[in-house]
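Participant: Here you go, one structure.
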Amino acid sequence: MSPTIRETLAEAERRVPRLEAELLLAHALACERSHLLAWPENRLKDAELARFQALLAERVRGVPVAYLLGRREFWSLELEVSPATLVPRPETETLVERALARIPADRPCRVLDAGTGSGAIALAIASERPRAQIFALDRSREALAVAARNRDRLGLHNLALIQGDWLAAIAPDSLDLLVANPPYVAESDPHLQQGDLPHEPRAALVAGPDGLDALRVLLPQAASRLRPGSHVLIEHGHDQAENAARLARRAGLGDIRLHRDPAGLPRVLEARRPS
Ligand code: GLN
């Protein structure tokens, strides 16, 4: 006889945390997690058990839960994610908060999210600032396809997608705000072998020997693409605040500020193109 929901979860819990077992089982059964708790004595159908066992094996191999479910919540938005996109992180909500503080709610504003991936940052901003005109840019067409599906499913029509190599094709003096969560991990960082990172796109994580290569391109580009007097906000590694500020100054940006994430770590550089 096939196992019950309770037995299946008890068995799985020996290999993965309880919450993950529940999320994967709910996914295999195409039901809400609450259903598992309400009907623990229900028996799985063979196909359901096979689906669950396949998901569990992938998870034990290290595949991120978000990729197995095909979704992750960010800024209270349900987003599709795939191995073509980074899994959105909670600390990136700090960047969204700072961006919203710079975008007026009552008039148009041109905002560009460079390296948008699943579109998480751009969509969070689009949902909060319907009058803003948001551009979500990425080099990866696979990532842009995910971002497009997220935009369409969420019905956020104030967002346009652009394929490009950072800001190379963006007109000078054209942006009121630039935001980015670029790759910032150093090539040799042992962190790349841990947790979800081995399964995430390397191009979304790694930026040269010191993790600063993307900033070396983006900050000088920002200095010319922003309208004079406009701001850039960029997420960085917890130990990169000083280097990020130095690169911003070297690019001719000023009014440099550093923002911390909820864990208290330096996480977002803010700078302004002089008027
Ligand atoms: N915050 C991610 C991590 O180190 C890195 C994301 C990025 O490079 N933009 O887990």
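The values are calculated or read from the model by the stated rules, or taken from the named source; none is laboratory data. Treat the numbers as computed from the prediction; the structure is a model and nothing was measured. Note: ideal-geometry Cβ built from the backbone for every residue, glycine included; neighbour counts use all protein chains shown.
Participant: Going by the conditions given, is R43 more than 17 Å from E11 (Cβ to Cβ) and of a type in the set (D, E, K, R)?
Facilitator: Here the answer is no, as R43 does not meet what is asked.
Participant: Name every residue in region 245-275 that is touching a residue at least 40 places away in the same chain (Cβ under 8 Å), more than 14 Å from the ligand (Cβ to nearest atom) and not in a strand (DSSP E or B), in order of residue number.
Facilitator: R273, P274, S275
Participant: Given (1) crowded, with 19+ Cβ neighbours inside 10 Å; (2) under 22 Å from the mean Cα position of the chain (by Cα); (3) more than 15 Å from the ligand (Cβ to nearest atom); (4) among the aliphatic types (A, V, I, L, M), where does A160 come up short, assuming only one miss?
Facilitator: The one condition A160 does not meet is (1).
Participant: Can you find a residue in region 119-135 that is of a type in the set (A, V, I, L, M), assigned to a loop (DSSP other than H, G, I, E, B) and either at pLDDT 95 or above or buried (at least 21 other Cβ atoms within 10 Å of the Cβ) (or both)?
Facilitator: Among the residues of region 119-135, at least one is of a type in the set (A, V, I, L, M), assigned to a loop (DSSP other than H, G, I, E, B) and either at pLDDT 95 or above or buried (at least 21 other Cβ atoms within 10 Å of the Cβ) (or both), which makes the answer yes.
Participant: I would also like to ask the following. Which residues, taken from region 25-64, are under 22 Å from M1 (Cβ atoms), in contact (Cβ under 8 Å) with a residue 40 or more places away in the chain and part of a helix (DSSP H, G or I)?
Facilitator: Within region 25-64, D46, L49, F52, L56 meet the criteria.
Participant: Name every residue in region 224-244 that is surrounded by fewer than 19 Cβ atoms within 10 Å (Cβ to Cβ) and either free of Cβ contacts under 8 Å to residues at least 40 places away in the same chain or assigned to a helix (DSSP H, G or I) (or both), in order of residue number.
Facilitator: S224, H238, D239, E242, N243
Participant: Could you check P183 against (1) touching a helix residue (DSSP H, G or I) at 6+ places or on another chain (Cβ under 9 Å); (2) in a helix (DSSP H, G or I); (3) touching a residue at least 60 places away in the same chain (Cβ under 8 Å) and say which number it fails?
Facilitator: (2)
Participant: So, D165, is that one surrounded by fewer than 13 Cβ atoms within 10 Å (Cβ to Cβ), within 21 Å of S118 (Cα to Cα) and either over 16 Å from the mean Cα position of the chain (by Cα) or within 13 Å of the ligand (Cβ to nearest atom) (or both) or not?
Facilitator: Taking the combined requirement at face value, the residue satisfies it.
Participant: Here's something else I'd like to know. Got at least one residue in region 206-217 being acidic (D, E), outside any loop (DSSP other than H, G, I, E, B) and within 13 Å of the ligand (Cβ to nearest atom)?
Facilitator: There is at least one residue in region 206-217 that is acidic (D, E), outside any loop (DSSP other than H, G, I, E, B) and within 13 Å of the ligand (Cβ to nearest atom).
Participant: So, in region 69-101, exactly how many residues are closer than 19 Å to P198 by Cα, under 12 Å from the mean Cα position of the chain (by Cα) and away from the ligand (no atom under 16 Å from the Cβ)?
Facilitator: So the answer is 2.
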